[in-house]
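Have a look at the structure below, then the notes.
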Ligand SMILES: Cc1ncc(COP(=O)(O)O)c(C=O)c1O
């Protein structure tokens, strides 16, 4: 049944339980003890020389779908694991961050690397000073590390950007025009995040294909569209998600690349949700361009990347006009650089690049099969646990999708997604995302125009957090929320929220939320702002 057919709470709601938060204590065991556990790091070069493939479903976990995952530990420690947050009933619990698809916490190794290099930080590329030269070398080394992590070909460029959105906008300005001067044609599916849709609509000549209900049907549609166009106005580029930010599903990259290349189109992969979860190699898949974000790859320091073929990037309009991108400037005209510098005007984000490179090293040091097994176990439990609850529907794009990453979207009939998300935060200390996830066309097509709730997991997620989510949704459906909720300025909030909400807490209050032990956390937040 599609969500649009379900009864929904619309607009401002009367408080579900009489308007005053009902305080019910549901003590949950703090998760601190489950975190940690690093395994020895291997040398990056060793890890990166391993052949990578996107299609492996290498879970070694034989557990049944509904087996509990309480004992599944995070694969790597992340900064902030074990942070306590306040609940409406006056207690505090360890925060369950199930919103890593939006932004993932920094891996501890990334934070350590940033702390290590900060004393060496100085101006990049332009300074004659010793530390400027060290910083420049750090930046350029990071570029090489990131490129190597995704299997960049020898001649590929690795351009440091701000994030995936930035990278795709950059590439949109480099798609070659058609022979008659019209903008180059780009084929894109309606399943995409807006970041992989809007740049093509604005900067190129985009055709948005409505995907089918199966992978097989969608592949056929793509082939037909490319073949039809090839005779008169061929597509220059096929822009495709590496993994859906709504369902974690994907299309088989090897097949897509083969069909696109057959009809003369290049392929750009939106790797925002792929790279943090699966190894991908441009070299072995033949993907032409890959974009991804540091903040989703456990390196939230403001850098993203675009990696891919040099010719379009060297010929394209420099993405930013300014210092660093030019060889020589005269009043009459400017000579632009080629290579990464062409698109990286302004002072580079050396810390962001170093952080992202550190994340790449840390992910490369993990056995890819372990990452898949960990994530599969958590995802399977999420899906089976949620689907076992009456009135819960898990969203799917393709019935035959294989190897989805750890992103699961669902609805609870009778409850607005915003209310579900507010309830999970206020009564259980669980962070999820609600809304339409910057994928309006897809949510509309699937019948979820009113939005949905998304839970996502990564290498820093513990199974206990997933169990908490399943139990909390179960309890919502069985008993309803215990607090009262209202819609204020379009957002669901707790009526008379007793928690020291971040905005009112000031810096001291905000920082106090990072106290790692229950005893320190309890009572350290200002009760009133
Ligand atoms: C699949 C996908 N593509 C692109 C983006 C945009 O990423 P960013 O906000 O880092 O530019 C996101 C962010 O949620 C995403 O999930």
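Values for this structure:
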{"item": "Options 259, 267; residue that is in a strand (DSSP E or B) and either more than 30 Å from residue 366 (Cβ to Cβ) or in the same structural domain as residue 291 (by TED's automatic domain parsing) (or both)", "result": "267"}
{"item": "Residue among 434, 416 that is under 18 Å from residue 476 (Cβ atoms) and free of Cβ contacts under 8 Å to residues at least 40 places away in the same chain", "result": "434"}
{"item": "Selected residue (only one of 244, 213, 250 is more than 16 Å from the ligand (Cβ to nearest atom) and assigned to a loop (DSSP other than H, G, I, E, B))", "result": "213"}
{"item": "Residue under evaluation residue 304, criteria (1) surrounded by fewer than 24 Cβ atoms within 10 Å (Cβ to Cβ); (2) closer than 21 Å to residue 135 by Cβ; (3) touching a strand residue (DSSP E or B) at 6+ places or on another chain (Cβ under 7 Å), criterion not met", "result": "(1)"}
{"item": "Residue among 239, 204, 172, 227 that is free of Cβ contacts under 8 Å to residues at least 40 places away in the same chain and within 16 Å of the ligand (Cβ to nearest atom)", "result": "172"}
{"item": "Segment 163-174, subset surrounded by fewer than 24 Cβ atoms within 10 Å (Cβ to Cβ) and in contact with a strand residue (DSSP E or B) (Cβ under 7 Å, 6 or more places away or on another chain), residue nearest to residue 345 (Cα to Cα)", "result": "166"}
{"item": "Residue ranges of strands (runs of 3 or more DSSP E) in segment 58-162 with at least 1 members within 16 Å of the ligand (Cβ to nearest atom) and buried (at least 23 other Cβ atoms within 10 Å of the Cβ)", "result": "157-161"}
{"item": "Given (1) closer than 30 Å to residue 253 by Cα; (2) in a helix (DSSP H, G or I), number of the condition residue 461 does not satisfy", "result": "(2)"}
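For (1) away from the ligand (no atom under 16 Å from the Cβ); (2) farther than 19 Å from residue 139 by Cβ; (3) not in a helix (DSSP H, G or I), each residue gets a yes or a no:
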{"residue": "283", "(1), (2), (3)": "yes, yes, no"}
{"residue": "297", "(1), (2), (3)": "no, no, yes"}
{"residue": "335", "(1), (2), (3)": "yes, yes, yes"}
{"residue": "338", "(1), (2), (3)": "yes, no, yes"}
{"residue": "341", "(1), (2), (3)": "yes, no, no"}
{"residue": "354", "(1), (2), (3)": "yes, no, no"}
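The values are calculated or read from the model by the stated rules, or taken from the named source; none is laboratory data. Note that this is a predicted model, so its numbers are computed, not measured. When we count neighbours, we look across all protein chains shown, and the Cβ atoms used for this are built from the backbone with ideal geometry, even at glycine.
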